[in-house]
Amino acid sequence: MRAFARLAVAIVPFALALLALPSLAQTWPQRTVRFVVPLGPGSGADIGARLLADRFTRQWGQPVVVENRPGGDGVIAINAVLSAKDDHVLLFGPSSSFVGHPYTLDKLPYDPSDLQPVARVSNTVVSIAVPASLRVQSLKELLTMAREDPGKLNWTTAVGVTDIIAAGYFKSAGLDLAQVRYKDPVSALNDLVEGRIQFYSSAFAIVRAQAQAGRVRVLAVQNRGRAPALADVSTVAEAGIPELGFDGLVGIIAARGSGMTDAQRDRVAADVKAAVADPVIGERLTATGQIVSPGTPAEFAAAINEQAAHLATFATALGIRPKQ
């Protein structure tokens with residue numbers, strides 16, 4: 001009996017320690033969590049952040065608030081997260097807000113390795129659109145037109161990342177199209193509708209209303225897979241131009257050194273996966289021009305690295321060297 005008692009005394013602390021292991025991640029959050037969004041209110045990432053913030057506020061027992069910090073090509077929001085050095089302050093937005101910075105900024109104001117992927121949430125649907133007045137019905141027809149009439153077609157994109165991909169592809173394919181730069185996507189959309197722009201790569205959400213009104217035509221999506229909101233529209237890979245592929249990754253990023261543990265990141269990723277499986281949230285995300293695509297920290301990191309490598313290929317072709 002005494003031997004049994006001594007064994008029990010030895011086992012109990014060990015058992016309690018094992019039981020405590022899963023609870024390490026459960027001690028987070030201990031206070032308000034901030035989702036810092038590098039875009040303004042009403043964007044797809046902003047809507048996604050607010051949907052999850054509402055759910056997580058109830059699930060985590062702590063307030064989850066959304067803080068919009070647009071401007072500076074995403075740098076303002078990124079610096080807000082990195083300077084906080086707090087595992088309760090997280091970046092919520094598209095990878096396009098940072099993956100192109102080594103090529104689009106004169107000098108990097110932060111270390112990209114300090115961005116630590118936590119969870120992929122969705123993929124923004126990125127589309128290639130033309131004015132409805134342009135007599136082409138497919139991406140191949142558009143590129144054939146560009147080849148037959150060099151220098152006659154104008155193009156633009158909504159972000160620096162897709163600028164590099166489009167410009168790199170046109171150069172590698174020997175196509176001569178004139179790039180027109182805009183300060184805002186609305187001005188570009190207006191010129192697309194009027195026929196002054198013939199190739200516009202942007203988030204589908206930007207062109208959706210005009211596409212539904214029949215003023216612009218979506219020829220393809222640049223995502224890896226077809227978008228539920230555009231089920232009849234082929235991907236660029238299906239159209240035979242995989243080089244134009246670009247998945248608009250949207251997810252949650254922590255600052256390296258913020259103290260966020262692997263267990264905490266795994267827990268957030270699992271909670272995101274459960275949240276977007278909710279039809280209400282999934283349908284809202286789809287309605288904003290996104291594809292529900294939850295992923296673990298490792299999966300999100302791998303997707304970002306793949307995107308960065310794809311971008312680097314075209315940047316090299318264009319003679320653009322990454323900034324340090």
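The values are calculated or read from the model by the stated rules, or taken from the named source; none is laboratory data. Since this is a predicted model, take the numbers as computed values, not measurements. Every residue, glycine among them, receives a Cβ derived from its backbone with ideal geometry; neighbour counts consider all protein chains shown.
Assorted remarks:
- Among the residues of the stretch 68-119, those identified as assigned to a helix (DSSP H, G or I) and crowded, with 20+ Cβ neighbours inside 10 Å are G74, A77, I78, V81, L82, S95, S96, S97, H101, Y103.
- Of the residues making up the stretch 120-132, none is assigned to a helix (DSSP H, G or I), within 28 Å of A77 (Cβ to Cβ) and aliphatic (A, V, I, L, M).
- Restricting the stretch 138-170 to residues that are in contact (Cβ under 8 Å) with a residue 24 or more places away in the chain and part of a loop (DSSP other than H, G, I, E, B) leaves a set whose member that is surrounded by the most Cβ atoms within 10 Å (Cβ to Cβ) is V159.
- The residue that is modelled with the lowest pLDDT, counting only those in the stretch 99-116 that are of a type in the set (A, V, I, L, M) and touching a strand residue (DSSP E or B) at 6+ places or on another chain (Cβ under 9 Å), is V99.
- Where A205 falls short, out of the listed (1) crowded, with 18+ Cβ neighbours inside 10 Å; (2) over 16 Å from G289 (Cα atoms); (3) out of contact with any Pro (no Cβ under 6 Å at 6 or more places or on another chain): (2)
- Within the stretch 245-270, being surrounded by fewer than 17 Cβ atoms within 10 Å (Cβ to Cβ) and either more than 18 Å from F56 (Cβ to Cβ) or touching a Phe, Trp or Tyr at 6+ places or on another chain (Cβ under 7 Å) (or both) holds for R256, G257, G259, D262.
- Residues (under 28 Å from N190 (Cα atoms) and either in a strand (DSSP E or B) or not acidic (D, E) (or both)) located in the stretch 243-272: L244, G245, F246, G248, L249, V250
- Tally of residues being more than 22 Å from the chain's Cα centre (by Cα) and surrounded by 20 or more Cβ atoms within 10 Å (Cβ to Cβ) across the stretch 176-202: 4
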